[in-house]
Amino acid sequence: MRTTKTLHTDWKFKKDCSAVPSALPTDWETVTLPYTWNGTDGQDGGNDYFRGAGCFVRAVAKTELPDGTVHYIQFDGVNSSADVFWNGKKIVHHDGGYSTFRARLPEIRDENILCVIADNAPNDTVYPQLADFTFYGGIYRDVTLIGVNAQHFDLAYYGAPGIAVTPTVHGTDAEIQIETYIHTDRLCEIRYEILADGEIVWQGSTDTDNRVLTAALSDVHLWNGTDDPYLYTARATLLCDGAAADCVSVRFGCRSFRIDPQEGFILNGRSYPLRGVSRHQDRPEIGNALTVSHHKEDIDLICEMGANTVRLAHYQHAQSFYDLCDEKGLVVWAEIPYISKHMPNARENTKSQMTELICQNYNHPCIVTWGISNEITMNTAPSDASLLENHKMLNELAHRLDKTRLTTLAAVTMCGIEEECVHLTDIVSYNHYFGWYGGHVHMNGPWFDDFHKKYPNRPIGISEYGCEALNWHTSDPEQGDYTEEYQAYYHEEMIKQIIDRPYLWATHVWNMFDFAADARAEGGENGMNHKGLVTFDRNYKKDSFYAYKAWLSKEPFVHICGKRYVNRTEETAKVTVYSNCAQVELFANGESCGRQKKGKYPFFYFEVKNTDVTALTAKAGDCTDTAEIRKVSEFDDSYRMKEEGGVINWFEITAPVGYFSVNDTIGSVFATARGKLFLLKFLKVLLGGLKNNGAQEKNPKEQKPKKAKTKSKGISVMGFTLNKTMFELAMGFSIKRVFMMLGGNFKKEDILKLNASLNKIKKPKK
């Protein structure tokens, strides 16, 4: 029977090692797995974190090996390419930093040297290479030695568990197909068992020439989402010459689902709207080298909010997290990191990553869809022939490997709804940031209505939406200010629009947690994407978290917003309260400010006289919450965003009353005659900066794909047709915001010069 040993300790590490060591180095750093070398430099901004090769070495004594006739080594995650050496001999190469791979160990000595060269260097053959998150390098998940009999369930089959379970529900009954993958040189027996609550409820047997068996279960206990995520266990035992040689087991769930273009997601025959979040897998200082306890904390926070679905973006996550999703009943969108830019030389890598994702996760009942790509047309034209062919290949591959689940993709706003790539998968979702990256938050719902009207038989969802918030505050929130108040307002409006559109098959907030994106320089803390509902360290739940809890959670609660916004200058303060209770009453220094009944949306708005110090208490049923506000004469400057390393700071911008500045939107400037002329100058500066940026990122080795011959549909920008949506999106950007998001491509002097020109243009009278 198989035995295992996990190798956490006693690793030696060095960056940029030039040769594979023949002995354990004595002068290298000692590290403990899981480990990444980018835990600090991948989170501090500047896009200058180390991307290259790191060498891990460990001595493995023969006495350390688990019992077994043959031995394998298993890696759960090495980013992003790995070469593994055993006593100086390369035993495996693997491309793809997020999936499991294994290799059989050759000749074993009394003392052995295991060497792993992990490499996250830029290239054009392994995804991801361009995306809004840090590509941490290292061995950031477990390394396990496996000892097995010479006859065993296949350990070389794409890192999979060696057993695949396919349940099909028929009313109150279910058929369970069980298939195993075997490595054997003789005919052996396979004994199959299904267990419920630890008790065997079905068993059968076959042989290694006939590896598939179908079981019948009556009165099946369904896996029913967060209400009742019931799990069975399937166990397979390999019997050779009458003795047990190997055994594997997996958990599975029996459920049926479908997606209706009008009614959304249907689970086990009942409407089950999928409303939840996306998740990245990193933490401060440790990057993506998470422990099981970290995964448990994340899932607990997601469940506390009341979400019933999670998009695991933009890569394969740890098996322990899929297990937790099974246990908690969260419906999962699982995907590969085919993202942001199509690379013709990486076609085989998309194929191998999709194969590993499906084979390794086939048994998880939580997964309902395989994500093929994310925003892949960001830097490649949607009509590109190579891109389309690759999507068709991946879609066919996913259906061939798994006939029970649907395929999907996440399209970027600029990709028009009529583009072929949008309609290749079974279902589709869009990433929209109207109200943050240009446009207005109220544009989101109507956009989906337009899609739904044009394609009424095509299921549509929201794969990303969100905005950033740090510990900045204001009583007059506006787009692009990075305040907690604007984020709360934005999500209130999004929740209202989603509630009114039940046809959306799934909606996923971007993101559950703040995460590292070392190329970013926004919001006053570089190297971070702050769209999370919870801070990067998981220590603070932003007000927007509670907006979703009020909407989705069944646990009664009440929350007063603005707890970090104490000092206020206004005479009358607006106070927002979130609750899922039927009625909320707010008290200021013990006096009632009014009682409100819950309407269609779970948000309550009060006005409070702001004098001296005011103690606030919200009561909803048996639930209470408290906060405090304080009257001050001048705005508390600690609440105002200060851009760390930004191209320009707020206090450097002159904005005379009645005249434009770079703080104004492109749309407001464009609405004036002189403003149109100014924007020509602005566009010249902008294109110059983008041109320089492109020169820096150009890879001379990368082959340019052949463009598909298509008829021109109008003005094109970066391969996208300049449509109404793109125009409205652009009009919502402030000019300063454009420069902020594009970072160091622009000189401060140039921006101030443009601002001086704007200061001479009068705003139209209201």
Considering (1) in a loop (DSSP other than H, G, I, E, B); (2) surrounded by 13 or more Cβ atoms within 10 Å (Cβ to Cβ); (3) in contact (Cβ under 8 Å) with a residue 60 or more places away in the chain, say which one Cys581 fails and leave the rest. (3)
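Look at His391 and say whether it is within 21 Å of the chain's Cα centre (by Cα) and part of a loop (DSSP other than H, G, I, E, B). Break it down into steps so the answer makes sense when it comes.
Numbers: within 21 Å of the chain's Cα centre (by Cα): yes; part of a loop (DSSP other than H, G, I, E, B): no.
In short, no.
On the given criteria, is Phe733 within 23 Å of Pro656 (Cβ to Cβ) and modelled with pLDDT under 80?
On the way: within 23 Å of Pro656 (Cβ to Cβ): yes; modelled with pLDDT under 80: yes.
When the stated conditions are applied, Phe733 passes them.
Kindly provide the set of residues from the range 245-259 that are farther than 13 Å from Tyr192 by Cα and either over 26 Å from the mean Cα position of the chain (by Cα) or among the aromatic types (Phe, Trp, Tyr) (or both), ordered by number. First the steps, then the outcome.
Applying the first criterion (farther than 13 Å from Tyr192 by Cα) to the range 245-259 yields 245, 251-259.
Correct list: Ala245, Phe252, Cys254, Phe257.
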Taking only the range 283-302 into account, find how many residues are assigned to a loop (DSSP other than H, G, I, E, B) and either in the same structural domain as Val143 (by TED's automatic domain parsing) or among the polar types (S, T, N, Q) (or both). 2
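Quick check: is even one residue across the range 303-321 among the hydroxyl-bearing types (Ser, Thr, Tyr) and part of a helix (DSSP H, G or I)? I'd like the intermediate steps shown before the answer.
Taking the range 303-321 and keeping what is among the hydroxyl-bearing types (Ser, Thr, Tyr), we get 309, 315, 320.
Retained after the next criterion (residues that are part of a helix (DSSP H, G or I)): 320.
Yes, the range 303-321 contains at least one residue that is among the hydroxyl-bearing types (Ser, Thr, Tyr) and part of a helix (DSSP H, G or I).
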Ile417 is checked against (1) farther than 17 Å from Gly264 by Cα; (2) of a type in the set (A, V, I, L, M); (3) surrounded by fewer than 20 Cβ atoms within 10 Å (Cβ to Cβ); (4) under 20 Å from the mean Cα position of the chain (by Cα) and fails just one. What number does that condition carry? (4)
In the range 451-475, residues that are farther than 26 Å from Ile339 by Cα and touching a helix residue (DSSP H, G or I) at 6+ places or on another chain (Cβ under 9 Å) total 6
So if I check each of Ile146, Ile113, which one is assigned to a strand (DSSP E or B) and either in contact with a His (Cβ under 8 Å, 6 or more places away or on another chain) or buried (at least 23 other Cβ atoms within 10 Å of the Cβ) (or both)? Ile146
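Do you know which residues across the range 549-572 are in a strand (DSSP E or B) and either surrounded by fewer than 21 Cβ atoms within 10 Å (Cβ to Cβ) or among the basic types (Lys, Arg) (or both)? Outline the logic, then answer.
From the range 549-572, those in a strand (DSSP E or B) are 558-560, 567-568, 572; that's our starting set.
Once the filter is applied, which keeps residues that are in a strand (DSSP E or B) and either surrounded by fewer than 21 Cβ atoms within 10 Å (Cβ to Cβ) or among the basic types (Lys, Arg) (or both), the range 549-572 yields Asn567, Arg568, Thr572.
Identify all residues within the range 528-547 that are among the hydrophobic types (A, V, I, L, M, F, W, C), more than 12 Å from Leu301 (Cβ to Cβ) and crowded, with 24+ Cβ neighbours inside 10 Å; write none if there are none. Give the derivation first.
As a first pass, look at the range 528-547 and keep what is among the hydrophobic types (A, V, I, L, M, F, W, C): 528, 533-534, 536, 545, 547.
Right, trim to more than 12 Å from Leu301 (Cβ to Cβ) and you get 528, 536, 547.
The answer is Met528, Ala547.
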Among (1) within 28 Å of Pro161 (Cβ to Cβ); (2) in a helix (DSSP H, G or I), which single condition is Gly371 missing? (2)
If we scan the range 358-374, do we find a residue that is surrounded by fewer than 21 Cβ atoms within 10 Å (Cβ to Cβ), on the phi > 0 side of the Ramachandran plot and more than 13 Å from the chain's Cα centre (by Cα)? no
Consider His508 carefully, then state whether it is closer than 30 Å to Tyr136 by Cα, modelled with pLDDT of 95 or more, outside the structural domain of Gly46 (by TED's automatic domain parsing) and touching a Leu at 6+ places or on another chain (Cβ under 6 Å). no
Among the residues of the range 606-629, which ones are within 16 Å of Asn580 (Cα to Cα) and surrounded by 13 or more Cβ atoms within 10 Å (Cβ to Cβ)? Ala618, Lys619, Ala620, Gly621, Cys623, Thr624, Asp625
Given the residues Val20, Val78, which is the only one that is touching a Cys at 6+ places or on another chain (Cβ under 7 Å), of a type in the set (A, V, I, L, M) and assigned by TED's automatic domain parsing to the domain that holds Tyr136? Val20
Would you check if there is a residue in the range 300-309 being surrounded by fewer than 21 Cβ atoms within 10 Å (Cβ to Cβ), within 29 Å of Asp44 (Cβ to Cβ) and within 16 Å of the chain's Cα centre (by Cα)? yes
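Please give the strands (runs of 3 or more DSSP E) falling wholly within the range 19-105 in which 1 or more residues are in contact (Cβ under 8 Å) with a residue 12 or more places away in the chain and surrounded by fewer than 17 Cβ atoms within 10 Å (Cβ to Cβ). Before the answer, list the steps.
Working: elements: 29-31, 53-61, 70-75, 81-86, 89-95, 101-104.
Qualifying strands (runs of 3 or more DSSP E): 29-31, 53-61, 70-75, 89-95, 101-104.
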Sole residue being at pLDDT below 95 and either of a type outside the set (Val, Ile, Thr) or touching an Asp or Glu at 6+ places or on another chain (Cβ under 7 Å) (or both), chosen from Leu65, Leu130: Leu130
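Within 27 Å of the chain's Cα centre (by Cα) and crowded, with 20+ Cβ neighbours inside 10 Å, is that true of Ala174? Write out each step before concluding.
Details: within 27 Å of the chain's Cα centre (by Cα): no; crowded, with 20+ Cβ neighbours inside 10 Å: yes.
Spelling it out, it is not the case that Ala174 is within 27 Å of the chain's Cα centre (by Cα) and crowded, with 20+ Cβ neighbours inside 10 Å.
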Are there any pairs, at least 6 apart or on different chains, whose C-beta atoms fall under 6 Å, with the first in the range 534-546 and free of Cβ contacts under 8 Å to residues at least 24 places away in the same chain and the second crowded, with 18+ Cβ neighbours inside 10 Å, and if so, which? Thr535/Asp514
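Give me the residue from the range 1-18 that is among the hydrophobic types (A, V, I, L, M, F, W, C), part of a loop (DSSP other than H, G, I, E, B) and within 14 Å of Ile113 (Cβ to Cβ) and, out of that set, modelled with the highest pLDDT.
At the first step, the residues of the range 1-18 found to be among the hydrophobic types (A, V, I, L, M, F, W, C) are 1, 7, 11, 13, 17.
After this cut, where a residue has to be part of a loop (DSSP other than H, G, I, E, B) as well, the list is 1, 7, 17.
Those left that are additionally within 14 Å of Ile113 (Cβ to Cβ): 7, 17.
Working: Leu7: 98, Cys17: 83.
Within the range 1-18, the match that is modelled with the highest pLDDT is Leu7.
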Selection within the range 741-766 - touching a Phe, Trp or Tyr at 6+ places or on another chain (Cβ under 7 Å) and at pLDDT below 85: Phe746, Ile751
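The values are calculated or read from the model by the stated rules, or taken from the named source; none is laboratory data. This structure is a prediction, so every number in the text was calculated from the model and none was measured. Ideal geometry is used to build each Cβ from the backbone, glycine not excepted, and the neighbour counts take in all protein chains shown.
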